[in-house]
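Readers should treat all values here as calculations from the given coordinates under stated rules, not as data from a laboratory. Computed from a prediction, not measured in an experiment: that's the story for all the values here. Neighbour counts run over all protein chains shown; Cβ positions are idealised from the backbone, glycine included.
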Amino acid sequence: MAGLESLQAEMQIDSAAVASRLTQFIAAKVEELEREGVILGLSGGVDSAVVAALCRMAIGPDKVLVLVMPDKDSRKEHFHDALTLAADLGIDIKVIDLTNWLKEVDAYRLFALTKYSFLGKLRERIMQAAYGYYRKKTGETPFSSSLLGFKDKDFSSYLKTGNAYYRLKHRLRMVLLYLHGELENRLVVGCANKTEYKIGFFVKHGCDDAADVMPLLDLYKTQVKALAQQLDIPTHIIEKAPSPDILPGINDEEAIGLSYKELDLILLALEKGWAESEISQAVGVEKERVEYVKGLIQRSDHMRQTYFPKLQNSV
């Protein structure tokens, strides 16, 4: 228990002090990079809600623009939460429906379930069953399998088309954020947190990776939720199951295979250099789950780097 208490204590943040520091950071970067405001994607989830609130505090509501970018597969709950939050914060908002953009490049043909929107909740259950089947057959989650390529992997054709489909949405959102950001001389603010970044739960070159600044990148997901309470983000946004809202029926914790509460403690302990057996005992999870998280970090390392040959000492 002492080990667990140590981790939990270190996970605690002074939310007021962190909010103050982050607002100063955002305001300073807007000034330093000679921008007239900021722009970010608002999803209806807690991360983007926190970033929107911080930006409003940093430079004022009149200099903050959010893009809400749903498509035909997006859940109405998240869409309405984003609209309501923007109205409550008094910040400018543009809604851009991605459906026609995605149709233009024939994206929906990549993912069969998108053709059957009339199935409603049944689509979600089908997707959840497919995830479970894949884990049973391969011993991996589709997410962990997708951190590297699919050479010689089972079900590779499904994984490739699924990745192409959902990653396109993130990258299209990034393009639109930069389009409007450049047109209006705004700083593009990203919403990724430390948990997602360390395990590769983001789309490289997508809206959760390509940004000018990332205010939350040194905060674990549970710390972001604590900050959200400080900023008076609506409780139902803080408490609802976090989801990329890309594939029907799959939220973050189902995709990753761990709760954020467990995952953050494991990540923190690994960062502190604890042995896997120590982490297992302290957090109360099987050692295999710790090894799984360690593997996610290692397999996603390439996503946090750009590789290039070093030539200066060889020519």
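Quick notes
- Seen from all directions on average, region 2-301 presents a Cα convex hull projection of 15.7 nm².
- Longest stretch of the chain clear of exposed loop sites (GluC sites (Glu not before Pro), DSSP loop, at most 16 other Cβ atoms within 10 Å, sites excluded): 37-183.
- Across region 178-227, the convex hull enclosing all Cα atoms gives 72 Å³ per residue.
- Here region 41-114 is treated as an ellipsoid with the same Cα gyration tensor; its semi-axes, largest first and in whole Å, are 28, 12, 9.
- Positive minus negative residues near residue 272 (Lys, Arg vs Asp, Glu; Cβ under 10 Å): -3
- With 30 Å as the limit, the listed pairs 94/240; 153/287; 198/287; 103/310; 29/294; 76/103 have 103/310; 29/294 beyond it between alpha carbons.
- Exposure proxy shown here: for 204, 151, the number of other Cβ atoms within 10 Å sets the order, fewest to most, as 151, 204.
- Per-residue Cβ neighbour counts within 10 Å put 277, 300, 43, 259 in the sequence 277, 259, 300, 43, beginning with the fewest.
- One compactness figure for region 175-315 is 1.23, namely its Cα radius of gyration divided by 2.2 N^0.38 Å.
- Applying a DSSP loop filter and a limit of 16 other Cβ atoms within 10 Å to the trypsin sites (Lys or Arg not before Pro) in region 1-76 leaves 72, 75.
- The chain: DSSP helices with Cα axial extent of at least 24 Å and average Kyte-Doolittle hydropathy no lower than -1.0: 15-32, 156-183
- Ranked for footprinting exposure by Cβ neighbours inside 10 Å, fewest first, 165, 307 give 307, 165.
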